[in-house]
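To start, the structure under review is shown below, and the notes come after it.
The values are calculated or read from the model by the stated rules, or taken from the named source; none is laboratory data. Keep in mind it's a predicted model, so treat the numbers as computed, not measured. Here the Cβ positions follow ideal geometry from the backbone for every residue, glycine too, while neighbour counts run over all protein chains shown. The accessibility values were calculated without ligands, DNA or RNA, using every heavy atom of the protein model including side chains. Shrake-Rupley method; radii C 1.70, N 1.55, O 1.52, S 1.80 Å.
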Amino acid sequence: MRPAPNRRQLLGGLIASLFAPHAMAAPLAKVRELGVLRVGVYKHNRPWSWSEDGVLKGIDVDLAKAFATKLGLRLDIVEFTAGENLSDDLRNVVWRGGLLGFQRCDVMMHVPFERKLQQDNDNVAIAAPYCREGFAAACVEGTLDCEAPPVSWRGKRLAASTTSIGDFYLMAGFGGILRNSIAHFNTGYEAVAALGEGKADAVVASNAEVEAGLKDMNNPKLRRRKAPLPAMISEGWDVGIAVREDSRSLSDAIERVLAAMVKDGALAKIFLAHGVAWQAPLAG
Amino acid sequence: MKGSFIRTGFAATAALAVAALALGAPLKAAGPTSEDIKNDATSTGDVLSYGMGPKAQRFSPLTQINTETVSRLVPAFAASLGDEKQRGQESQPIVYDGTIYVTASYSRVFAFDARTGEKKWQYTARLPDGIMPCCDVVNRGAAIHGDKIIFMTLDAHIIALNRHTGKVIWNKAVGDYQAGYSATAAPMIVKDMVITGNSGGEFGIVGAVQARNVDTGELIWDRPVIEGHMGTLKGQPNGMTGKLNATWQGDLWKTGGGATWLGGTYDPETNLIYMGTGNPAPWNSHLRPGDNLYTASTLAIDADTGVIKWHYQTTPHDGWDFDGVNEFIPFDATINGKPMKLGAKADRNGYFFVLDRTNGKFVSANKFVMQTTWANGYNQKTGRPNVIEEGRPGAPLGAEKGKMVFSSPSFLGGKNWMPMAYSQQTGLFYVPSNDWGMDIWNEPIAYKKGAAYLGAGFTIKPIAPDHIGVLRAMDPTTGKIVWEAPNKAPLWGGVMTTAGGLVFTGTPEGYLKAFDAKTGKELWKFQTGSGVVGSPITWEQDGEQYVAVMSGWGGAVPLWGGEVAKTFKEISQGGALWVFKLPR
């Protein structure tokens, strides 16, 4: 917690904005004037963001809290339901708002930091990559060879989140021979939890879902596969935030907060509290 | 008409007056019975159901407005649905006892005086602000029964309002809005039951048809439409739909799709409810070998028990997003010299189907759009499409990964939600269709819910230089197109036909138009000020014939860009009920 340098940086940003007429209306100034940072996080996205007994929890939630605190703002955090694709989410959450009164957010968490996505959505700025995500497998020891090629898992009980990459990997890969062995779950975290509940022998889900799930299950027989998954479709991706296209002064300020959190270890600490080893984004 | 008035109006009122005297109940509680609704197609003094009758033929026997007089048709009044809330008005009005009931965008209901257009009451559903409907904030209409107006909301509720006051009588959730479930279709009344379908959400869906007690909203029967799922009747198990894993691999049937989001039709003669089902999940067909029953199908369901009597799958193993939700309209005709009880459906996949409605037997399937790249007709013996495999979007992995396929119709369909009409006078179906295709490919990198995903990319494009929309007259006995009336922008509104020899439909450009039912010649048009994507109706009142339609541009079309958007990007939003009649 070192608020002083950030505030200085912010003041610097404000002074700079005095000389840039277009930046005058930039939301950093507006957000500071209102004293509130409104952040949108995905619903049902454990361990990133989920609701438990009416309380929002998760890595993205803790990150949003840190952003607000370090910017000296009160946090207004709100969940939203994922749409059919990222463009729907960016429209509803960041640049337009919902048609039924959902107020747009200053910041949307958990946006893939990808050039194509940025090109397709020029009403937003995707910024502040804060980690790297990818896909992993985990198994129940003794039920199958976790390090063997997944093709050998035929006939075992496999778990995946419906229509996730993990699901497509198991269903479409290996000539489709694993297709009859897959049990589908609403989320990757639930698919990982199925291992702990004795409902599945192996799972393919995202790194964070696997690591957080294994920590929460706290079962010595569950372990993560060490070898990379052969012919995995996704090479992984950086995760960042989105702000409105005209609000880069805000994302710049968050990038400065983030840089400080990387340096002092606060970022990795947040991930670790949820059982996830922080991986630096490639875009750094 | 007179006789019908005496029967449904006077006699019922008299009977109820006696009951009211006995019970001290207000006379106002009277209203249309299930029997009245069953006869809606012939009672010209009212419009008591979505489709202007349980068969949804959208045919009126009225003749005062006809090919000779229609050119003199003028507005009687217009009523605003303002409230700063505009967007798509896809509703069909209901008319009863001097009142027009109509649902509007944002899950609203209005009651207007049918003679003056003066607003009697308005109900606005209190929607949670967190919901984000996929397409638009439309609603397609209400049902009426007794003292109730019943409609469905964007947060997946079904609500019965008192039709005199607009106050809530009962309100039931039909899905969890928090997981993205929503409802836009008009409910249907059958034998004192409310029949509804469902729509998808965040975690997918298993399509289902439900029957509820019209007085309480309590569930009577539930019929999932995907094989392997159990139905219920009065809280008890009522048999499995299909046979487990017959046409699905693994546990994919558990999230198989088949949303019944458009609702159905009913044939009192066979006591069957006909319901169309949506496309299967996941979207890539290579991941789910098999026919995937009963997705992209028409189901015939026994109204009393919720048991499936027959099915016909219009797109087996769908890979193009060809929902099979379209209305199946019962009609009678003579085929090869044999009088038959038939039904017809114009499908998203570009084919016009005629089936024997008593048993689902295939009679014919004919193209009603310019081009179908995915199939070359149907096999007359098996009733299955001659699928063109090169027209199927590729597998998500392997050699086909990056393959781009041109597919026509586009996923918005040869015909989308907008209902067609059948004329008992000409024996023709009038189909609001669209000629368009799409490039579709597997995205190398796509994202959903903040994570990498294997999505499909697509670009919708016109396939003709001068039009996308075409109103087409189809002869169901020959499968031939009798006439066509092209329109620059995609057609997105319902059709009505009358014994006056007319066909009415609206255009996104803002016109309500009347055509000669025999020739397709445009005889009249009126500019309503915004796009017309609702369904017109007609009724008789004080000896005069009225026509009404909703105006208000929106729906799913404006969500898509590219070449197609050029035809509608200048259209203004609106929100009004327009009512027309001949000058005295």
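Every listed requirement among (1) surrounded by 16 or more Cβ atoms within 10 Å (Cβ to Cβ); (2) modelled with pLDDT under 95; (3) of a type in the set (A, V, I, L, M, F, W, C) is met by residue B:56 save one, (2). Highlighted here are the strands (runs of 3 or more DSSP E) found entirely within segment B:445-521 that include at least 3 residues which are in contact (Cβ under 8 Å) with a residue 24 or more places away in the chain and closer than 25 Å to residue B:422 by Cβ: B:469-475, B:480-487, B:495-498, B:502-506, B:511-516.
Residue check: residue B:194 meets all listed conditions (1) part of a strand (DSSP E or B); (2) farther than 22 Å from residue B:328 by Cα but one, namely (2). In segment A:88-99, the residue that is modelled with the highest pLDDT out of those that are over 22 Å from residue A:65 (Cβ atoms) and either open to solvent by less than 10 Å² (accessible area, probe 1.4 Å) or facing chain B (nearest Cβ under 8 Å) (or both) is A:90. Residue count for segment A:152-188 satisfying the condition of being assigned to a loop (DSSP other than H, G, I, E, B) and free of Cβ contacts under 8 Å to residues at least 12 places away in the same chain: 1.
Rundown of residues vs (1) within 17 Å of the chain's Cα centre (by Cα); (2) within 8 Å of chain B (Cβ to nearest Cβ), yes/no style:
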site	(1), (2)
A:51	yes, no
A:86	yes, yes
A:101	no, yes
A:131	yes, no
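Against the conditions (1) in contact with an Asp or Glu (Cβ under 9 Å, 6 or more places away or on another chain); (2) of a type outside the set (Lys, Arg); (3) open to solvent by 10 Å² or more (accessible area, probe 1.4 Å), residue A:214 satisfies every one except (1).
Residue check: is residue B:206 modelled with pLDDT under 95, in contact with a strand residue (DSSP E or B) (Cβ under 9 Å, 6 or more places away or on another chain) and within 14 Å of chain A (Cβ to nearest Cβ)?
Against the criterion (modelled with pLDDT under 95, in contact with a strand residue (DSSP E or B) (Cβ under 9 Å, 6 or more places away or on another chain) and within 14 Å of chain A (Cβ to nearest Cβ)), residue B:206 qualifies.
Looking at this structure, is residue B:253 over 30 Å from residue B:57 (Cβ atoms), free of Cβ contacts under 8 Å to residues at least 60 places away in the same chain, outside any strand (DSSP E or B) and open to solvent by less than 10 Å² (accessible area, probe 1.4 Å)? Spelling it out, it is not the case that residue B:253 is over 30 Å from residue B:57 (Cβ atoms), free of Cβ contacts under 8 Å to residues at least 60 places away in the same chain, outside any strand (DSSP E or B) and open to solvent by less than 10 Å² (accessible area, probe 1.4 Å).
Give segment B:267-281 a look and list any residue that's over 24 Å from residue B:341 (Cα atoms) and open to solvent by less than 10 Å² (accessible area, probe 1.4 Å), or say none. Before the answer, list the steps.
Within segment B:267-281, the first condition is being over 24 Å from residue B:341 (Cα atoms), and the residues that meet it are B:278-281.
Selection gives B:278, B:280.
Can you confirm whether segment A:233-240 contains a residue that is open to solvent by 70 Å² or more (accessible area, probe 1.4 Å) and assigned to a helix (DSSP H, G or I)? No; the residues of segment A:233-240 include none that is open to solvent by 70 Å² or more (accessible area, probe 1.4 Å) and assigned to a helix (DSSP H, G or I).
Can you say whether residue B:381 is at pLDDT 95 or above, farther than 30 Å from residue B:139 by Cα and not in a strand (DSSP E or B), as far as the supplied structure shows? Talk me through it step by step, then tell me what you get.
Details: at pLDDT 95 or above: yes; farther than 30 Å from residue B:139 by Cα: yes; not in a strand (DSSP E or B): yes.
The answer is yes for residue B:381.
The condition of being more than 14 Å from every other protein chain (Cβ to nearest Cβ), open to solvent by 10 Å² or more (accessible area, probe 1.4 Å) and out of contact with any Leu (no Cβ under 7 Å at 6 or more places or on another chain) holds for residue B:234. The number of residues in segment A:42-76 being among the aliphatic types (A, V, I, L, M) and either open to solvent by 50 Å² or more (accessible area, probe 1.4 Å) or closer than 20 Å to residue B:180 by Cβ (or both) comes to 2.
Scanning segment A:160-188 for residues that are among the hydrophobic types (A, V, I, L, M, F, W, C) and either within 9 Å of chain B (Cβ to nearest Cβ) or farther than 11 Å from residue B:251 by Cα (or both) yields A:160, A:165, A:168, A:170, A:171, A:172, A:174, A:177, A:178, A:182, A:183. When we screen B:539, B:553 for residues that are assigned to a strand (DSSP E or B) and either open to solvent by less than 20 Å² (accessible area, probe 1.4 Å) or among the acidic types (Asp, Glu) (or both), the only hit is B:539. Kindly evaluate residue A:222 against the criterion of being more than 18 Å from the chain's Cα centre (by Cα), closer than 30 Å to residue A:153 by Cα and aliphatic (A, V, I, L, M). For residue A:222, the condition - more than 18 Å from the chain's Cα centre (by Cα), closer than 30 Å to residue A:153 by Cα and aliphatic (A, V, I, L, M) - is met. Any residue at all in segment A:135-156 that is hydroxyl-bearing (Ser, Thr, Tyr), within 17 Å of the chain's Cα centre (by Cα) and either open to solvent by 20 Å² or more (accessible area, probe 1.4 Å) or more than 10 Å from chain B (Cβ to nearest Cβ) (or both)? No: segment A:135-156 contains no residue that is hydroxyl-bearing (Ser, Thr, Tyr), within 17 Å of the chain's Cα centre (by Cα) and either open to solvent by 20 Å² or more (accessible area, probe 1.4 Å) or more than 10 Å from chain B (Cβ to nearest Cβ) (or both).
The residue that is nearest to residue B:413 (Cα to Cα), among those in segment B:324-359 that are open to solvent by 10 Å² or more (accessible area, probe 1.4 Å) and outside any strand (DSSP E or B), is B:348. If you check B:531, B:494, B:510 for being touching a Ser or Thr at 6+ places or on another chain (Cβ under 6 Å) and farther than 22 Å from residue B:99 by Cα, only one passes: B:510. Filtered by the rule that a residue be of a type in the set (A, V, I, L, M), within 12 Å of residue B:460 (Cβ to Cβ) and within 22 Å of the chain's Cα centre (by Cα), segment B:556-581 gives B:556, B:557, B:559. Residues that are farther than 21 Å from residue B:417 by Cβ, without any contact (Cβ under 8 Å) to a residue 60 or more places away in the chain, open to solvent by 10 Å² or more (accessible area, probe 1.4 Å) and not basic (Lys, Arg) do not occur anywhere in segment B:256-266. When segment B:82-124 is filtered for residues that are of a type in the set (A, V, I, L, M, F, W, C) and either open to solvent by 10 Å² or more (accessible area, probe 1.4 Å) or modelled with pLDDT under 95 (or both), only B:121 remains. When residue B:63 is tested against (1) in contact (Cβ under 8 Å) with a residue 24 or more places away in the chain; (2) surrounded by fewer than 15 Cβ atoms within 10 Å (Cβ to Cβ), just one condition goes unmet, and that condition is (2).
Looking at B:293, B:262, B:299, can you tell me which residue is under 20 Å from the mean Cα position of the chain (by Cα) and part of a loop (DSSP other than H, G, I, E, B)?
Details: B:293 fails: under 20 Å from the mean Cα position of the chain (by Cα); B:299 fails: part of a loop (DSSP other than H, G, I, E, B).
Just a single option satisfies the conditions, and that option is B:262.
Residues in segment B:134-171 that are open to solvent by 30 Å² or more (accessible area, probe 1.4 Å) and more than 20 Å from residue B:101 (Cβ to Cβ): B:134, B:135.
Of A:227, A:208, A:191, all but one fail to be part of a helix (DSSP H, G or I), farther than 22 Å from residue B:250 by Cβ and among the small types (Gly, Ala, Ser); the exception is A:208.
Take residues that are of a type in the set (D, E, K, R) and tell me which of the strands (runs of 3 or more DSSP E) falling wholly in segment B:96-158 contain 1 or more. Full working, then the answer.
On the way: elements: B:99-104, B:108-113, B:119-124, B:143-145, B:148-152.
By residue number, B:108-113, B:119-124, B:148-152.
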